[in-house]
1. Collect the residues in region B:20-72 that are more than 14 Å from the chain's Cα centre (by Cα), within 11 Å of chain A (Cβ to nearest Cβ) and hydroxyl-bearing (Ser, Thr, Tyr), keeping them in residue-number order.
2. For region B:87-123, give me each residue that is within 9 Å of chain A (Cβ to nearest Cβ) and either farther than 22 Å from A:THR326 by Cβ or open to solvent by less than 10 Å² (accessible area, probe 1.4 Å) (or both).
3. Given the conditions (1) at the interface with chain B (Cβ under 10 Å from one of its Cβ atoms); (2) closer than 27 Å to B:TYR83 by Cα; (3) crowded, with 24+ Cβ neighbours inside 10 Å, which single one is not true for A:GLU176?
4. Only one residue in A:GLY247, A:GLY238 is touching a residue at least 24 places away in the same chain (Cβ under 8 Å), open to solvent by less than 10 Å² (accessible area, probe 1.4 Å), within 14 Å of chain B (Cβ to nearest Cβ) and over 15 Å from the mean Cα position of the chain (by Cα), so which one is that?
5. So in region A:258-270, with the set limited to residues that are assigned to a strand (DSSP E or B) and out of contact with any Cys (no Cβ under 6 Å at 6 or more places or on another chain), which one is most open to solvent (accessible area, probe 1.4 Å)?
6. Can A:PHE165 be described as of a type in the set (Phe, Trp, Tyr) and either farther than 30 Å from A:ALA340 by Cβ or within 14 Å of another protein chain (Cβ to nearest Cβ) (or both)?
7. Might you let me know whether region A:352-359 holds any residue that is away from chain B (no Cβ under 14 Å), surrounded by fewer than 24 Cβ atoms within 10 Å (Cβ to Cβ) and modelled with pLDDT under 95?
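The values are calculated or read from the model by the stated rules, or taken from the named source; none is laboratory data. Here the structure is a predicted model, which means the values were calculated and not measured. In this analysis, Cβ positions are derived from the backbone assuming ideal geometry, glycine residues included, and neighbour counts consider all displayed protein chains. The accessibility values were calculated without ligands, DNA or RNA, using every heavy atom of the protein model including side chains. Shrake-Rupley method; radii C 1.70, N 1.55, O 1.52, S 1.80 Å.
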Amino acid sequence: MLINQVCYRTLGLKQPASLSTYLSIGGYNVWKKILLEKPNPVDIINEIKLSGLRGRGGAGFLTGLKWSFISKDVKGQKYVVCNSDEGEPGTFKDRDILRYNPHQLIEGMAIAGYVIGATVGYNYIRGEFYEPIFVMEKALTEALNANLIGNNILNSGIDFNLYNFYGAGAYICGEETALMESLEGKKGQPRFKPPFPANYGVYGKPTNINNTETYASIPVILEKGGNWHLELGKPNNGGCKIFSVSGHVNKPGNYEVPLGIPFKELLNLAGGLKNNRSLKAVIPGGSSAPVLPASIINDITMDYDSIAKAGSMLGSGAVIIMNDTTCMVKALHRIAHFYADESCGQCTPCREGTSWMYKIINRIVSGHGNVSDLDLLDSVAYNICGRTICALGDAAAMPVRSFIKYFRYEFENYIENNSHL
Amino acid sequence: MFYISNEILLKCNEWLKRFPDDKKRSAVIEVLKLVQNSNGGYLNEELISEVADYLNLPKIYAYEVATFYSMFDNEKVGKYKIYFCVSISCMLCGSDDLVNYVKNKLGIDFDETTNDGKFTLKKAECLAACGGAPAVLIGEKYYENVNFNIIDKILDNLE
């Protein structure tokens, strides 16, 4: 099977993050060709559309389509922004792109700059990522010194100035418009959409924003062709995806594999379950995605459509494995705490709802729950859904509803006997 | 500038170059961080006000940022802030036991500082290091796959 051939293609090499290593595998060749031949941006967009690449941050929006929203011909300042504010519980894939293949991200962002006609880019990296920030800063300096970014790049007349921006600890800034608020020096509170970033982004200017993994996929797609990428995966689910596998497995880690890989095969790659325990449940796409019991996840393939059909979502590709000893009440307790803590406070249903959901689950965990709490929880969750500016509200509600749906007996038992099954 | 040193101001000036001339507000997060680092890891109202003055911003613009993001502290902290990730993957891999062990060892709870002013314990939401759960952030360094022995060694080696 094809492993680590797109965003992680430098992983096995010496000094994977250095410019010389990246150049040695043909890095920046796509960018240099674009600078030399100045192709029509529409051709690049069509190749990306053909590749089937979908946004790797969680929403899965078609990248080629997104890139077509901003015309190169529109005058005025435009921006390319990368969302490296990785923070969805269970997700740790972008950290390794930043640490081990920063130049591929730079190349991908520069290409995006060419396509939409933006001369400035920002890479928003979460503030706790000291080591990835250090590596990215070094890579930017290398790229600038080699005139692969900057002004009049390799005498092409094209400018692209790229800067890192550091967050300061807020999950909500992974939401694209909250990120832009943060980039403007404000609290990270999401904006109403529309207008979408393509019309009104950073500083109110047209902005293309993608996830780290999405940008880093671009150079390989354009080098090997959209069709090559599409055929790695399945129709409508083209390419490889990095799955961050964590929890009760022998070899937790990042696995970049073709979309459509059977779940069981991915679990095997991650060394199978620790201590020969059996599988109880899996959260297939980061903590915001509905949990799936073993009986469902065991039979599905890992791609956008299959996981959606099974009632969850591929999200960021964070696969959280829970064995048969896991207390689902305590697991949900922890997830609910996360959303209550990270709600930005802007919308009442989310600010109040996440806090009340946590308080109710906390009451159950501390032995004072009522069976009626379960319907109350579901009702609070239901009333958050669709009633907030951004997706954090739904993200907080979906785990609650799915945990109760699939493991209701366990919650009831906990309430009656004040203990784990 | 009364409270912020020239050395820090130079760094702030450098940072400002990343943004358009009329968008200095973008720098407020990083300037607050630089100032916090130079002040033993926390901010106070005088410092926040000076940052606002430095960037020509209303004071509330700096204050709301300093109180929104989790990496800012507005009360005195220990020399080392220890962030324990307690999110779902770390929890599945034993972060609760680790946290309790350290709380007992140091005799403090989250958001408290040891009497000698050396350690402050902090609860972190997902640090994005779930492949090395449980994960701990101390200063600027991530520690992964941390167990009792490892945290003992780490804490003993911090001066």
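1. Residues satisfying the conditions are B:SER26, B:TYR61, B:TYR63.
2. B:SER87, B:ILE88, B:SER89, B:CYS90
3. (1)
4. Values: A:GLY238 fails: within 14 Å of chain B (Cβ to nearest Cβ).
Unique residue meeting the criteria: A:GLY247.
5. Residues of region A:258-270 assigned to a strand (DSSP E or B): A:258, A:261-262.
Subsequent filtering for residues that are out of contact with any Cys (no Cβ under 6 Å at 6 or more places or on another chain) retains A:261-262.
Working: A:ILE261: 8, A:PRO262: 52 Å².
The selected residue is A:PRO262.
6. Numbers: of a type in the set (Phe, Trp, Tyr): yes; either farther than 30 Å from A:ALA340 by Cβ or within 14 Å of another protein chain (Cβ to nearest Cβ) (or both): yes.
Considered against the rule, which asks whether it is of a type in the set (Phe, Trp, Tyr) and either farther than 30 Å from A:ALA340 by Cβ or within 14 Å of another protein chain (Cβ to nearest Cβ) (or both), A:PHE165 comes out as yes.
7. Narrowing region A:352-359 to residues away from chain B (no Cβ under 14 Å): A:352-353, A:355-357, A:359.
With surrounded by fewer than 24 Cβ atoms within 10 Å (Cβ to Cβ) added as a condition, the list becomes A:352, A:355-356, A:359.
Of the ones still in play, those that are also modelled with pLDDT under 95 are none.
No, every residue in region A:352-359 fails to be away from chain B (no Cβ under 14 Å), surrounded by fewer than 24 Cβ atoms within 10 Å (Cβ to Cβ) and modelled with pLDDT under 95.
Residue-by-condition table, conditions (1) out of contact with any helix residue (DSSP H, G or I) (no Cβ under 9 Å at 6 or more places or on another chain); (2) among the basic types (Lys, Arg); (3) closer than 24 Å to A:ASN413 by Cα; (4) in contact (Cβ under 8 Å) with a residue 24 or more places away in the chain:
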site	(1), (2), (3), (4)
A:ASP305	yes, no, no, yes
A:SER312	no, no, no, yes
A:MET322	no, no, yes, yes
A:HIS333	no, no, yes, yes
A:GLU342	no, no, no, yes
A:CYS350	no, no, no, yes
A:THR354	no, no, yes, yes
